[in-house]
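Quick notes on the structure that follows.
Just so it is clear, none of the values below were taken in a lab; they were calculated from the coordinates. If you're wondering where the values come from, they're calculated on a predicted model, not measured in any experiment. Note that we place each Cβ from the backbone using ideal geometry, even for glycine, and neighbour counts take in every protein chain shown.
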Amino acid sequence: MSREPTGPGRRAGFEAEALPHLDHLYGAAFYLCGDRDRASDLAQETVLRAFRFFHQFEPGTNCRAWLLTILHNTFRNQYRAGLRERAQVDVDDPAAAAEVTEAAGAVDDPETLVLSETLDEEIAQALAELPEEFRSAVVLVDLHELTYEEGARVLGCPVGTVRSRLSRGRRLLGQKLAAYGRERGMLRGRG
């Protein structure tokens, strides 16, 4: 039995369930695309598709994970071919860096606040340079706080694959940021 409310009921349900996650959608889209305009287009396309298929959303489940699944499928279908030629994040624009940090999520807890304050151009660039499959796992699980199972559903792969990609993505990110951490006195050691 299909539950497909129309008119004001459908719209109200969508606004209550999905719209609170727009910042997370844009943040994930930005990390996937690396470009504000493309991220905006991807987020907008995701919202349109989510509204169109909102009757398929199961109340009581994680709406953010459902939306991120749509976002990743849309990205894979429409944007993957353009990745080879995509523009890099403009690391010389402090306003853009601040916008990325703000769009990545709300600052409700101290850990997120500290991370958002340290997410400067080197970190954003290192994340953008990760291969897409590792970047996606890191963005979903570490930045958007999805569980491994939710991340697996979003990416359409087994949980073990998410764990593997996340581990490898974290390791690659750590390697890219090791020199950065030593320069700022956050790390001691070799190099």
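Before moving on, here are some points about what is shown:
- Between the beta carbons of ARG170 and PHE51, assuming R0 = 22 Å, the FRET efficiency works out to 0.05 to the nearest 0.05.
- Neighbour-count order for LEU22, LEU68, fewest beta carbons within 10 angstrom listed first: LEU22, LEU68
- In nm, spacing of pseudo-spin labels at GLU15 and GLU133 (7 Å Cα→C-beta vector): 4.2
- What the Cβ-Cβ distance of SER40 and THR61 gives, at R0 = 30 Å and to the nearest 0.05, is a FRET efficiency of 0.65.
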